[in-house]
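The values are calculated or read from the model by the stated rules, or taken from the named source; none is laboratory data. Source: prediction; values computed, not measured. All Cβ positions, glycine included, derive from the backbone under ideal geometry; neighbour counts span all protein chains shown. Side chains are part of the model used for accessible areas, which takes the heavy atoms of the whole protein and leaves out ligands, DNA and RNA. Shrake-Rupley method; radii C 1.70, N 1.55, O 1.52, S 1.80 Å.
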Amino acid sequence: MRDAAPTTIYLKDYTPFGYVVDSVHLTFDLEPHSTRVTSQIAFTPNPEATDRSFFLHGEQLKLISAKIDGIAISPTVTEQGLSCDVPNAPFTWETVVEIDPANNTALEGLYMSNGMYCTQCEAEGFRKITFYPDRPDVMSVFTVRINGPHPVLLSNGNPVDAGPHWAEWHDPWPKPAYLFALVAGELLAHSSTFTTVSGKHVDLNLYVRPGDEGKCAFGMEALKKSMIWDEQVYGREYDLDVFNIVAVDDFNMGAMENKGLNVFNSSCVLASPETSTDDNFERIEAIIAHEYFHNWTGNRITCRDWFQLCLKEGLTVFRDSQFTSDLRSAPVKRIRDVIDLRGRQFAEDNGPLSHPVRPESFQEINNFYTATVYEKGAEVIGMLKRLVGDAAYAEAVDLYFARHDGQACTIEDWLKVFEDTTGRDLTQFKRWYSQAGTPRVNVTEDWTDGTYTLTFTQSTPATPGQPHKDPRVIPIAVGLLGSNGDEVRKTEMLELTEASQSFSFDGLSSRPTPSILREFSAPVILERDSTNAERAFLLAHDTDPFNRWEAGNALAKDARLNMITKGAAPDADYLDALQKLVRDDDLDPGFRALVLQPPSASDLAQTLFENEHAPDPQAIYDASETMAQTLAQTLADSLPRLYAATTVEGPYQPDAVGASNRMLNFRMLALLSRLDGGDQAAQQFASADNMTLQYAALVCLLSIDKGAEQNQAFFDQWKDDRLVMDKWFAAQVAFATPEKTAAIAATLTQHPLFDMKNPNRFRAVMGALAMNHAGFHHISGDAYSLLADWLIKLDPLNPQTTARMCSAFQTWKRYDADRQALIKIQLDRIAATPDLSRDTTEMITRIREA
Ligand code: BES
Ligand code: ZN
């Protein structure tokens, strides 16, 4: 049975559930097609609720029996759940239901992946396991018994007892159902231990399928680093006897923070030097930290309702980015986060899917795990910290934990601890949570009689459902540089609160060069007339690493935009500035690599669109190619030296310094390949003893339309490693030339190893297709129709992954009429598909309404 007609849920309609759940006992009798779930739940009428109607969520469940206080009843069951009359006093509820994990391709609820059972309950998956008030504000203590033949039987909390073919778990911490988890299978444990700051012993296990034992060590170390970091930086200790992580091959997302039993997409936890790149290692470390940090920000303190999702996700993303900054290079992390924010969140915030960090309505909550809730949600916390300062931030967060431990909270609760510790009124700041859209901040400057004045004007374009915007509180970090490059004013945090506001600086002997929005202190689009000379000056001298990079990025973008819109030649000043910077061995190689990293095609497209040019993806591609070729020629003399200098000697280590060198090494190889036809890359491919170098070489070759031989060799070497095969599928599509992209992707969907039911494999091909900007938007329209074909095929099997991938079309109104017409045909075709899921229907409807 497919979903019923979509209904919209509103934040303003929140009411508490009519009953408190005192305890939950679950028994699972595992069978692939007929697992029985017995639930015994103690309910008490909720004194804080007025509505006592009794409704339990439940979807795709076969009800075998239901009892109240031991007496059989016949509740009313619909596609959404069950209702019945219940006593106006505490009572016990017992149901037996049957479910079919083996046929669960949606990967939500209890499902099977390569013979193992596992669960995914966030956001609303628990209702596919048993009848329950499946909402995050209903928290309870769970005891779970699992009966099954598997050697490993896991659930949340601490192990209580086990025997042959059964195990019992008890989680003493009250939790919402979305944090429930169960895993059963033939798994191997990579084990270690951790002693918390107060001396508590914790057993750590990373469970994997046989064959993956060799890919566990890095994840385990990352977990321990996360545990120590959260003790030292946030004063948060772990609170159970065991912490288990399980790697699962079929998983819709990256990972999930179930209490004491995190479940990970195997791509986000398994790593070895031979099979994982530096980027994989860094991402794994960050995701392990992220899910671990949820133990406090998400689990101990959870969300009242799903509108408050950013309460846990924005904060936890902020925390994991602090962690990565502390362990690795803070500037490199910041620059990468901003590139990502602009690439994904700005695109979302300036298109039909734009929504506030705290949305006010939704049809399918799974569609709101977005860059806005996550990344902009984290930016909002960063701004709050900048505004109140580090000490007050720490004090407020301590108060948050002390005041709200064990509760299901709201953004109001979060902001109140800041108001109470600092005495600040955050009413205006709260607009960051309620207003969608990216603010534009225009800057003009004045230099009169020794006074330097910056005038800022803010405005935010209309977004769906929000025609009018009020001014926000925008922290703008500003420093001033003198003509010799010295900093004449250290960074100051200006607080923009009005639509238009000026700030003056006195006592300067000459007109300074401003460095504005240092560290990217607010997620806004800064509009300012600047010259290439000024940018080159900042690129050479700014003391703020982010703005130093930003100056280079602005030069890089402008140079390409001028090529595209004015037919200009590659800008000589830009090439000159880059040349100086790249040769400056005092600079961190990772930083230099980021300055050399070309602006993404979609970032250029977005900027063109903002400046009232319909972006031509082919023209963007051609300009970027010409620029890369010219840059390679300009740097020709330095390339071999820098390539050699950044080659890391000795056995591969996934450390920050090595990774930083390899980032620059990769940029050098990419440029060298444009001069030597790929000889050096072929050599590197042949001699590489780690995936970072092997994959970099393959990418360089594919990018210049070479490497057929290496591509085949890569396949032969790695065909039995599914995570490396995902890379193989993705690289061929992501780095294909525009005219070949769709055809290559189409061919790969016919490959014996293509498996649409595996989200990683599906995304490897279709995600890469959507990310190859010029290939996806090729004027043939082939890529549009290919993606639509596969979204239509996947939707009945896995609505969540299908819906997420619809966002490939979210920017369609940026483009010319021909492309818009081509995309419109596909959007209409998807929308007209019979029985389309609620998830995909909502996404396509919103995108079409652009
Ligand atoms: N709670 C989420 C996982 C999740 C997302 C479950 C959507 C259900 C629906 C988890 O904490 C998370 O945010 N994971 C991210 C990775 C993280 C590092 C941002 C993910 O899965 O992409
Ligand atoms: Zn999360």
> Given the pairs 333/740; 376/557; 469/557, which span a C-alpha to C-alpha distance of over 31 angstrom in this model?
Replying inline: 333/740
> With every protein chain left in place, what is the accessible area per residue of the chain in square angstrom, probe 1.4 Å?
Replying inline: 37
> Among the GluC sites (Glu not before Pro) within region 540-616, which fall in a DSSP loop and have no more than 16 other Cβ atoms within 10 Å of their own Cβ?
Replying inline: 612
>> Test of understanding: what is the full-extension gain from residue 399 to residue 7, defined as 0.36 nm times their sequence separation minus their Cα-Cα distance?
In response: 137.4 nm
>> Report for the chain the percent antiparallel among DSSP-assigned beta bridges with both residues inside it, nearest 5.
In response: 80
>> For a test of the definition: using alpha carbon positions, the gyration tensor, and the 1.5 limit on a/c, classify region 269-337 as rounded, prolate or oblate.
In response: prolate
> Which of the peptides 423-430, 517-524 is most tightly packed, and how do the rest follow, going by the mean number of other Cβ atoms within 10 Å of each residue?
Replying inline: 517-524, 423-430
> What nm distance separates the two modelled labels at residue 23 and residue 195, each placed 7 Å from Cα along Cα→Cβ?
Replying inline: 3.4
> Residue-wise, which Karplus ³J(HN,Hα) couplings in Hz belong to region 77-85, taking 6.51 cos²θ - 1.76 cosθ + 1.60, θ = phi - 60°, and x for glycine or proline?
Replying inline: 10, 10, 5, 9, x, 9, 9, 6, 7
>> Which one, 733, 791, 693, projects farthest toward the positive side of the charge dipole computed for region 662-794 from Cβ point charges (K/R +1, D/E -1)?
In response: 791
>> Run the numbers for residue 40 and residue 186: contour at 0.36 nm per residue of separation, minus the present Cα-Cα distance, in nm.
In response: 49.7 nm
>> Against the empirical 2.2 N^0.38 Å scaling, what ratio does the C-alpha Rg of region 690-751 come to?
In response: 1.04
> When the Karplus curve 6.51 cos²θ - 1.76 cosθ + 1.60 is applied with θ = phi - 60°, which whole-Hz ³J(HN,Hα) does each residue of region 60-75 get, with x for Gly and Pro?
Replying inline: 6, 10, 9, 7, 9, 7, 9, 9, 10, 6, x, 10, 4, 10, 10, x
> About its Cα centre, how strong a charge dipole does region 1-138 have in debye, to the nearest 20, once Lys and Arg get +1 and Asp and Glu get -1 at the Cβ?
Replying inline: 120
> Gain in length, residue 506 to residue 158, computed as 0.36 nm per residue apart minus the alpha-carbon separation, to one decimal in nm?
Replying inline: 119.0 nm
> Summing Lys, Arg as +1 and Asp, Glu as -1, what charge do residues with Cβ under 11 Å from the Cβ of residue 525 carry, residue 525 excluded?
Replying inline: 0
> Hey, got the dipole for the chain? About the Cα centre, +1 on K and R Cβ, -1 on D and E Cβ, debye to the nearest 20?
Replying inline: 760
>> Treating region 392-512 as a set of equal point scatterers at the Cα positions, no solvent, please give the Debye-formula log₁₀ I(q)/I(0) at q = 0.11, 0.18 Å⁻¹.
In response: -0.56, -1.01
> Taking the Cα centre of each part, how many Å lie between region 275-290 and region 777-848?
Replying inline: 31
>> What does the charge count around residue 589 come to, taking other residues whose C-beta lies under 10 Å from its C-beta (Lys +1, Arg +1, Asp -1, Glu -1)?
In response: +1
>> Semi-axes of the equivalent ellipsoid for region 579-650, please: Cα gyration tensor eigenvalues, times 5, square-rooted, ordered largest first, whole Å.
In response: 30, 14, 10
>> Below 8 Å between Cα atoms, with a sequence gap of 6+, how large is the relative contact order for region 472-577 in percent?
In response: 24
> So which aspartates and glutamates can residue 385 reach, going by Cα to Cα under 12 Å and dropping same-chain residues fewer than 8 places off?
Replying inline: 395
> Do any GluC sites (Glu not before Pro) in region 22-87 lie in a loop, going by DSSP, with at most 16 other beta-carbon atoms within 10 Å of their beta carbon, and if so which?
Replying inline: 48, 79
> If you wrap region 299-342's Cα atoms in a convex hull and average its projection over all directions, what's the area in nm²?
Replying inline: 3.8
>> From Cα pairs below 8 angstrom and at least 6 apart in sequence, can you work out the relative contact order of the chain, rounded to a whole percent?
In response: 9
>> I need the chymotrypsin sites (Phe, Trp or Tyr not before Pro) found in region 339-420, filtered to DSSP loop residues with at most 14 other beta carbons within 10 Å of theirs.
In response: none
> Considering only 265, 826, 642, whose Cα is most displaced toward the positive end of the charge dipole of the chain, charges sitting on Cβ of Lys, Arg (+1) and Asp, Glu (-1)?
Replying inline: 826
>> Quick check: at a probe of 1.4 Å, how many percent of the accessible area of the chain sits on carbon and sulfur atoms?
In response: 51
>> Given an 8 Å cut-off on Cα distances and at least 6 residues of separation, report the relative contact order of region 259-341 as a percent.
In response: 24
>> In 5 Å bins starting at zero, report the fraction of Cα pairs in region 485-564 per bin as a rounded %.
In response: 3, 12, 23, 24, 20, 12, 5, 2, 0
> Rounded if a/c is under 1.5, else prolate if a/b beats b/c, else oblate: with a ≥ b ≥ c from the C-alpha gyration tensor eigenvalues square-rooted, which is the chain?
Replying inline: prolate
> With the Cα gyration tensor of region 712-850 giving a ≥ b ≥ c as the square roots of its eigenvalues, does the rule (a/c under 1.5 for rounded; else a/b larger than b/c for prolate; else oblate) give rounded, prolate or oblate?
Replying inline: oblate
> Where does the chain land at 222 nm, in deg cm²/dmol rounded to the nearest 500, when only DSSP H runs of n ≥ 4 count, each adding -39500 (n - 2.57), divided by all residues?
Replying inline: -12000 deg cm²/dmol
> Tell me, how many Å apart are the Cα centres for region 55-114 and for region 611-633?
Replying inline: 57
> Of the beta bridges DSSP finds with both residues in region 226-373, what % are antiparallel, to the nearest 5?
Replying inline: 25
> Where does the charge balance sit around residue 471 when Lys and Arg score +1, Asp and Glu -1, over other residues with C-beta under 11 Å from its C-beta?
Replying inline: +1
